[in-house]
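Okay, structure first, notes after.
The values are calculated or read from the model by the stated rules, or taken from the named source; none is laboratory data. Bear in mind that the values here come from a model prediction, so they are computed numbers and not experimental data. Backbone-built Cβ (ideal geometry, glycine too); neighbour counts: all protein chains shown.
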Amino acid sequence: MDRFDITIIGAGVVGLAVAEEVSCKGRRVLVVERNTSFGQETSSRNSEVIHAGIYYTNGFLKAQLCVEGNRLLYGLCRERDISHRAVGKLIVATDEKEASELWAIKEKAERNSVSGLSFLSRKEILEREPAVKAVEALFSPSTGIVDSHGLMRSFYHHAEAAGATVAFRSEVTDVRYDGDSYEMEINRGEYRFLSAVVVNCAGLHSDRIAEKAGLDIDAKDYRLKYCKGDYFSVSPSPGFRHLVYPVPVKHHAGLGVHATIDLQGRVRFGPDVEYVSELNYAVKEEKRESFHRAIMSYLPSLRLETLSPDMSGIRPKLQAPGEPERDFVIADEQEAGLPGLINLIGIESPGLTSCMAIARRVHSLIQPYL
Ligand SMILES: Cc1cc2nc3c(=O)[nH]c(=O)nc-3n(C[C@H](O)[C@H](O)[C@H](O)COP(=O)(O)OP(=O)(O)OC[C@H]3O[C@@H](n4cnc5c(N)ncnc54)[C@H](O)[C@@H]3O)c2cc1C
């Protein structure tokens, strides 16, 4: 049977970042992806925002890896000429109560080591974004946008150049530990091989992979809940130059319906939050009114008929509706009797921003097995 040193399940942005990070001459690294190309799931269904690390619970991996990932990602984009722009973000308070919450957001962000935050007055907001109605805003200059496909392409090519093999149309259908290495089954028996280390980057299916490997995912609290986020596009465009976010509602599973801009300057609103039981990416037309209501609070000139259903993405969440925020799981399952199985579960936002920092962390976890 073929034998690999490291198998990475999933060629999303995280799997590809890990593949580049761990690949080197003489090491047998295999990435297995069930789709026909890389980045066909959550990694191409998101806001493409390089987050600063503002909202995450102090001490969470989400906070640490986002701040580190932000710095690493800007560095890589500059070095490799991957399209990106540090457009900056405004968190806008529409009344005095929300304005008082901006202070708490700033303090929390600074405890996460986010730097450069400043308050903007009503006049300063209007100078930057004339259509926005707000009494005060928090400005984050290190928030930006990135071409996520270009980023994944770069990881993919660099991983292959460093010796990794990426196999598409290859679904992992079984993972079995034999006390020494992992026997992997692809496409229900089409191919079997052994691997010393397995890195589970299977996104929305990562809990099922952990279960296949023999873990009790309910006992470990690994079972994922699907949380859909829809987007609406707007035409004519309000011409925003920055990302514009409302003040988030406490214990809400998202950041509020915000305005994202892409590298071509197109504005989209979203994502909203809807826990769902199946993976269906259709965007319902009838949500137009709730989007309109949410956006009107900070963009009162927006007309209902200018909004059109756009795309959606589904967050692999660990917390159920109403539960407190959960952190990323990035764990070597040695204590559960599965040494060298590295599970990445619940890699929702800011997973794109954090991908390089996650990859470094995975690399340090697998050192004992190399
Ligand atoms: C609506 C939305 C907005 C977001 N916005 C942002 C943002 O602006 N900034 C940010 O930093 N993050 C954002 N995120 C989060 C970010 O998109 C994810 O954290 C990131 O894309 C996760 O990447 P991944 O590689 O872990 O997962 P995925 O991209 O889902 O990749 C997992 C891969 O595993 C493969 N796979 C699954 N099962 C198997 C199997 N059995 N065998 C083989 N292959 C398998 C899948 O086909 C898939 O290609 C957002 C997420 C959502 C849903």
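Descriptive notes on the structure:
- Take the conditions (1) within 17 Å of Ser308 (Cβ to Cβ); (2) in contact with a strand residue (DSSP E or B) (Cβ under 9 Å, 6 or more places away or on another chain); Cys227 misses just one of them, which is (1).
Per-residue answers, yes or no, for (1) surrounded by 21 or more Cβ atoms within 10 Å (Cβ to Cβ); (2) within 17 Å of the chain's Cα centre (by Cα); (3) under 30 Å from Asp178 (Cα atoms):
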{"residue": "Lys212", "(1), (2), (3)": "no, no, yes"}
{"residue": "Asp221", "(1), (2), (3)": "no, no, yes"}
{"residue": "Val234", "(1), (2), (3)": "yes, no, no"}
{"residue": "Gly265", "(1), (2), (3)": "no, no, no"}
{"residue": "Ile295", "(1), (2), (3)": "yes, no, no"}
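- Hey, Ser37 within 10 Å of the ligand (Cβ to nearest atom) and over 13 Å from the mean Cα position of the chain (by Cα) or not: yes
- Taken over region 267-282, the residue count meeting the criterion of being farther than 19 Å from Val49 by Cβ and either surrounded by 12 or more Cβ atoms within 10 Å (Cβ to Cβ) or aliphatic (A, V, I, L, M) (or both) is 6.
- Single residue of Leu30, Leu90 found to be under 21 Å from the mean Cα position of the chain (by Cα), touching a residue at least 12 places away in the same chain (Cβ under 8 Å), more than 10 Å from the ligand (Cβ to nearest atom) and not in a helix (DSSP H, G or I): Leu90
- Selection status of Leu102, touching a strand residue (DSSP E or B) at 6+ places or on another chain (Cβ under 6 Å), within 16 Å of Ser148 (Cα to Cα) and in a helix (DSSP H, G or I): no
- Filter pass, Ser47 being among the polar types (S, T, N, Q), crowded, with 20+ Cβ neighbours inside 10 Å and assigned to a helix (DSSP H, G or I): no
- Residue list for region 163-184, filter: more than 25 Å from the chain's Cα centre (by Cα) and near the ligand (Cβ under 10 Å from one of its atoms): Asp174, Val175, Met184
- From the list Ser312, Ser349, the lone residue that is within 10 Å of the ligand (Cβ to nearest atom), assigned by TED's automatic domain parsing to the domain that holds Ser235 and either modelled with pLDDT under 95 or surrounded by 13 or more Cβ atoms within 10 Å (Cβ to Cβ) (or both) is Ser312.
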